Amino acid sequence: QETYDVEQVQQKWLPVWDELQPFRADDDSPREKKYALTMFPYPSGDLHMGHAEVTALHDVIARYWWQRGFEVLNPMGWDSFGLPAENAAIRNNEHPATYTYANIETQYESFKRYGISFDWSRRLHTSDPEYYRWTQWLFLKFRERGLAYRKNSPVNWCPNDQTVLANEQVVDGKCERCGAEVTKRELTQWYFKITEYAQELLDCLDDLEATWPARVVTAQRNWIGRSEGAHVAFAVEGRDEPITVYTTRPDTLYGATFMVVAADAKLAADLVSDEQRAALDEYLTEVRKSTEVDRLSTDRPKTGVFLGVHAVNPVNGERIPVWAADYVLADYGTGAIMAVPAHDQRDLDFAKKFDLPVRRVVDTGEPNPEETYEATTGNGVYVNSGPLDGLTDKAAGIHAIIERLQADGAGEGTVNFRLRDWLLSRQRYWGVPIPVIHCEKDGEVPVPYDQLPLELPELRGADLKPKGVSPLAAAEDWVNVECPTCGGPARRDSDTMDTFVDSSWYFLRYCSPGYTEGPFDVEKAKTWMPADIYVGGVEHAVLHLLYARFFTKVLRDMGMLEVGEPFAAQLNQGFVINRGKKMSKSLGNGVSLGDQLAEFGVDAVRLTLVFAGPPEDDIDWAEMSPAGSLRFLQRAWRLSGDVTSPAGTPGEGGDVALRRVTARTVHDAAELVEAYRFNVMIARVMELVNATRKAIDSGCGPEDPAVREAAEAVAILLSLVAPYTAEEMWERLGHQPTVARAGWPAVDPALLVEESVTAVVQIQGKVKARLEVAPDISEADLEQLALADEGVIKAIDGREVRKVIVRAPKLVNVVV
Ligand code: ANZ
C-alpha cells in the first residue's frame, strides 16, 4: 500500500509556506476581522506537550476562520522577563538575555515546524526595550491617574534568601525554597489601584458568562469577593477615637460580647494599655511567622492577648473587652471586628478558649450555641435584641440596625471587596525597571517620557544574586542620577515590575507591533479588539485575566480603547498527563514532544491532541494512539491519489449518496468547530474518508466527480488540524498551495435536505400507519396521502371521518 514520507512532506512544505506567508493579517482588508489569541509562552526550554496541545486546539479556530473568509489576526510572542532566566544566569554566570533569547529562537523554530498559523510578522518579546518602553509609559500614565502608588506594607521575608516571597511561596510558615522560617517585613512597595475598578470588574462578568468558561467567571467573582455590610463605630474608654469595625452581620450587634483587633495592625499598638504592652509584643513575634491561609483557617486553635481596654456597644451601651488576635487580618475591612460568638464559629472558638461570654441573638431553632459551642449562622427569630426582637427576616434586621446606626451617627451601610490592590514591585533584576527617580527634595519624580525606555544596566552572574534589595540598587552608575526636576543628586527606583504587568497589554501591542508613537495605534486596536477568542490555561483564571481586564478598562478611560473587555470569548484546555498523573521529573513520566514529533510527525501528534476528547478535558497520553492517527492520515492521503476526474467541477453530476455525505459533513463541521467540539468534527471527517474509500472501491468508482468533491472536502477540513497532509493532498488533487486559504467547501443546500421523513397516522390516538414523505410536504398533500393509505382505510372501516388534524410532515390524527 502506498504511504507518504512524513518527514519529507514536512521538509517540502515549510519553505513554501514561508514564501507564501498565507497568514499575514492585513489591517486594511475589506474582509470581516477575527482576532484569535492564545496565551504567549514563557521561554524556558523547548516547547512541550502542553504547548503542543493548546496551540493545536487554538489553530483549529484560527484556520477555520481563514477558510470561512475572515481576515484573521493570529499573533504570537514571548513573555520573556522573569525568574527562571535570572536563576539560570546566576547558575551559568551569564546574562539572563542569553538564556532568554536562545530559548525564544528554539521555540520559534519549533512553532514553525509545528505548523501553527501564526502571523510571525507581529512577533514580540516583552523583554525587548522597544516593548518595555511602553510598559514603562503605561506605568507612568497610570501613576498620573492615581492608579499607581507606593505604600508601606508588611510582606513575607525570607531572612536566608534575602528576598520577598509571594504568599504562595510560604509553606507552613517556612520558605518554600530553603526551609528558613519566614518573617514579615515592612517594605515600601508599588501598587496598582485595581480596587478602584472592583465593581466594574465584577459587573461585566455577567455579560461574559455566556462565552467564558463558568469556572473562570466564578473564580473571578470569588476573588473580587464583594460583600455588603456595615461600618460600626465603638467608643473606647479613655480614648477619643472609636474603633470602627466592618461586619456583614450588623443585625447581630446585640450579640457582640467582645472586640478583636488584628494583632499586627497599628491600631493594636495604639490601643494597648501599658500593662499589656509586653504581652502584645511577645504575641506579635509568634504571629509574624504564620501565613494568611493559616490565620484564616477555622480549625486552628485560637490565640490572642487582651489589650487592657474596653469599648462600648453603640446599641445597648454594654462595656466589652478589646482583644488582639491573629485570626483578624490587618488589611481586610478595617482590621478590627465585633465578635459575635453565638453566630460566628471563629469568634465562638475564641470565646471558649478565653472564657468570654456568648449570647444568642438569633434563634434558628437549632440547639443554643451558648451551650453547644456550635455557632448558628442561619435565619431565625431575633432575641435579646431590643427593637429587633420578634423579627424573622435577616434583610429586615440588617436594614433596621443600619437605619438606627445612621441616625445615631454610629455607623453606616458599606460595600467591601476582598480584592486588594495589585503589588507590582519585585526586588529582582530581569524585569521592567520602574521609571521613577527618588529625590530628597522633590520626592518621587517620573523619568521624563522622552527618556524612555529606561533600559536595564548590564548585570550578570553573581551580580544578580538576591541580597535583600533589588540587584539594581547595587548598580551604582545606573542608580545614581540627577533629579530631572532640581538637578540635584537622586536615586533611581531599583525595583522591577511583576511580569504580569507585561502580559496585561501584549494583546494590544500585536495590533500594531512596530508602532513608535505609543504602546499601540489606537486605530489599529479599533480594527482588531476585542480578541474574539482567547485560548489558554485555566491556571490564569484570576490573576492574568483580571489584570488584563483592568488594563483594558483603564485604557478605555484614557480614551485609547473603545472596548471595556479584552476577550470576547475564552476556551481553556485540559492538561496533557501520562499514565493518570501529571507529567513530572520526579515521576519520570514526562513525554518529550520532540520525540513524538520525530516518531509520528507533526500532523499525527496534532490530530491526536485534538481528537482526544473535548478540549477542556485532560488527555492521558498513555491512552492515545498517535500511530493510529498517522494511519488515518495515510488513508485520507491515499484518496487524493485515487481521484481520476479532472479538477474544476467537483461534485456536479456525481453520485448523489456520496455527495450527500460530503455536504452533511461540511455543514456539520462548521457547527462543530463553532461549538469547540473539534473531536467530533474529526470523527465526522473519518466517516467521510470511509465513505469515499467505499465509493472508490465498491461504489461509483474513482472517476465519479463526487469522489473528487469528497476528497477535496477532506483536504480542506483536515487543513484545520493536519496542515502538511492536507497540503500534500491538495497538490495531488491538482491544486496550487495553499489549501489553508482554499476557502470552505461550498455546500448545495439541496443535498442537505433529508430525502424523506416518517409521518405517523393515528386513528383515535392509536398508530395505524407510517408513511415515508418528503420533508417539505404540504398539509393538504399529507392528509390526502394518509386517507388514501390502505391500512388507514381498513382501520377507518367505513366510519365517518369527523376531523383530521395534520402536523406536516410528521403527524396525521384522524378522529372518527
Ligand atoms: C460580626 C459577625 C457576626 C460577622 C456573624 C460574621 C458573622 P466577608 O463576607 O468575607 O466580607 N471580618 C471582618 N473584618 C475581618 C478581618 N479583618 N479579618 C477577619 N475577619 C474579619 O466577611 C466579613 C465578616 O468577617 C465580618 O462580619 C466579620 O465578622 C469578619 F454572625 O462581623 B462579622
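Just so it is clear, none of the values below were taken in a lab; they were calculated from the coordinates. Owing to the predicted nature of the structure, the values given are computational and were not obtained by experimental measurement. Virtual Cβ from ideal backbone geometry, glycine too; neighbours counted across all protein chains shown.
Specify the angular offset, from 0 to 90 degrees and rounded to the nearest 10, of the alpha carbon long axis of helix 602-611 from the longest principal axis of the alpha carbons in the chain.
Taking Cα atoms only, the helix is inclined about 80 degrees.
How about Lys803: which lysines have a C-alpha closer than 30 Å to its C-alpha, ignoring those fewer than 8 places off in the same chain?
Candidates past the 8-residue exclusion: Lys766, Lys768, Lys794.
List the residues, sorted by chain then number, that are 5 or more residues from Val155 or on another chain and whose placed amide H is less than 5 Å from its amide H.
Correct list: Arg185, Glu186, Leu187.
Let me make sure I get this right: for segment 252-349, a, b and c are the square roots of the gyration tensor eigenvalues over alpha carbons, sorted descending. Under 1.5 in a/c it's rounded, otherwise prolate if a/b > b/c, else oblate. Which is it?
oblate
In debye, nearest 20: dipole of the chain around its Cα centre with unit charges on the Cβ of K, R (+) and D, E (-)? Please list the in-between numbers first.
Working: 86 positive and 124 negative charges, 160 e Å.
Computed charge dipole of the chain: roughly 780 debye.
How would you rank His51, His343, going from fewest to most other Cβ atoms within 10 Å of each one's own Cβ? Could the numbers behind the result be given before it?
Values: His51 20, His343 23.
The order, fewest Cβ neighbours first, is His51, His343.
By count of other Cβ within 10 Å, fewest leading, how are Tyr724, Tyr515 ordered? Walk me through the numbers before you get to the answer.
On the way: Tyr724 27, Tyr515 16.
With the fewest neighbours first, Tyr724, Tyr515 line up as Tyr515, Tyr724.
Given the convex hull of the Cα atoms of segment 528-586, what is a quarter of its surface area in nm²? Walk me through the numbers before you get to the answer.
Details: hull surface 21.6 nm².
Averaging across all directions leaves 5.4 nm² for the Cα convex hull.
Among DSSP bridges having both ends in the chain, what percentage is antiparallel? Round to the nearest 5.
Working: 72 of 95 bridges.
Roughly 75 percent of the DSSP beta bridges within the chain come out antiparallel.
In which sequence would Met583, Met338, Met686 go, from the one with the fewest C-beta neighbours within 10 Å to the one with the most? Could you put the intermediate results ahead of the total?
Working: Met583 19, Met338 26, Met686 15.
Fewest to most other Cβ atoms nearby, the residues stand as Met686, Met583, Met338.
Based on alpha-carbon positions alone, could you give the equivalent ellipsoid semi-axes of segment 1-115 from the gyration tensor, as √(5λ), descending, whole Å? Display every interim value, and only then the final one.
Details: eigenvalues 185, 85, 32 Å².
The answer is 30, 21, 13 Å, longest axis first.
Please give the charge dipole size of segment 686-814, origin at the Cα centre, charges +1 on K and R Cβ atoms and -1 on D and E Cβ atoms. Round to the nearest 20 debye.
Numbers: 14 positive and 21 negative charges, 150 e Å.
For this selection, approximately 720 debye.
Against the globular-protein guess of 2.2 N^0.38 Å, express the Cα radius of gyration of the chain as a ratio, rounded to two decimals.
1.23
Just to confirm the number: angle between the C-alpha axis of helix 129-144 and the first principal axis of the chain, 0 to 90 degrees, nearest 10?
Helix 129-144 sits roughly 50 degrees off the main axis of the chain.
Could you tell me which of rounded, prolate or oblate describes segment 74-185, using a ≥ b ≥ c as the square roots of the eigenvalues of the alpha-carbon gyration tensor, with rounded for a/c under 1.5 and, failing that, prolate when a/b is larger than b/c and oblate otherwise? Kindly include the intermediate steps, with their values, before the conclusion.
Working: a/c = 2.51, a/b = 1.43, b/c = 1.75.
It is oblate, given that a/c is not under 1.5 and a/b is not larger than b/c.
Just the number: Rg to Rh for segment 386-440, Cα atoms, Kirkwood Rh, two decimals. Spell out each step's value before the answer.
Numbers: Rg = 23.3 Å, Rh = 16.4 Å.
Rg/Rh: 1.43.
How would you classify segment 38-84 from its alpha-carbon gyration tensor, with a ≥ b ≥ c the square roots of the eigenvalues: rounded for a/c under 1.5, else prolate if a/b is greater than b/c, otherwise oblate? Numbers along the way, then the final one.
Values: a/c = 4.69, a/b = 2.06, b/c = 2.28.
It is oblate, given that a/c is not under 1.5 and a/b is not larger than b/c.
Tell me, how many Å apart are the Cα centres for segment 413-478 and for segment 697-719?
Segment 413-478 and segment 697-719 have Cα centres separated by 62 Å.
Roughly how many Å is it from the Cα centre of segment 320-367 to that of segment 650-664, as a whole number?
One Cα centre to the other: 75 Å.
Lys/Arg Cβ at +1, Asp/Glu Cβ at -1, dipole of the chain taken about the Cα centre: which of Gln199, Ala780, Trp323 is farthest positive-ward?
Ala780
Pull up the cross-link candidates among the lysines for Lys353, meaning alpha carbon to alpha carbon under 30 Å and not fewer than 8 places away within one chain.
Lys174, Lys184, Lys266, Lys289, Lys302, Lys394
So who's got an amide H within less than 5 Å of the one on Trp78, skipping anything under 5 residues away but keeping other chains? H placed 1.01 Å off N, in plane.
Amide H neighbours of Trp78, under 5 Å, 5+ apart: Leu124, His125, Thr126.
Could you name the lysines in cross-link range of Lys112, using Cα to Cα under 30 Å and dropping any fewer than eight places away on the same chain?
Lys112 reaches Lys12, Lys33, Lys34, Lys524, Lys526, Lys581, Lys582, Lys585.
Calculate for the chain the 222 nm mean residue ellipticity that helices alone would give, adding -39,500 (n - 2.57) per DSSP H run of length 4 or more and normalising by residue count, nearest 500 deg cm²/dmol. List each step's numbers first, then the result.
Numbers: 29 runs with 304 residues, N = 816.
After summing the helix terms and dividing by the residues of the chain, the value is -11000 deg cm²/dmol.
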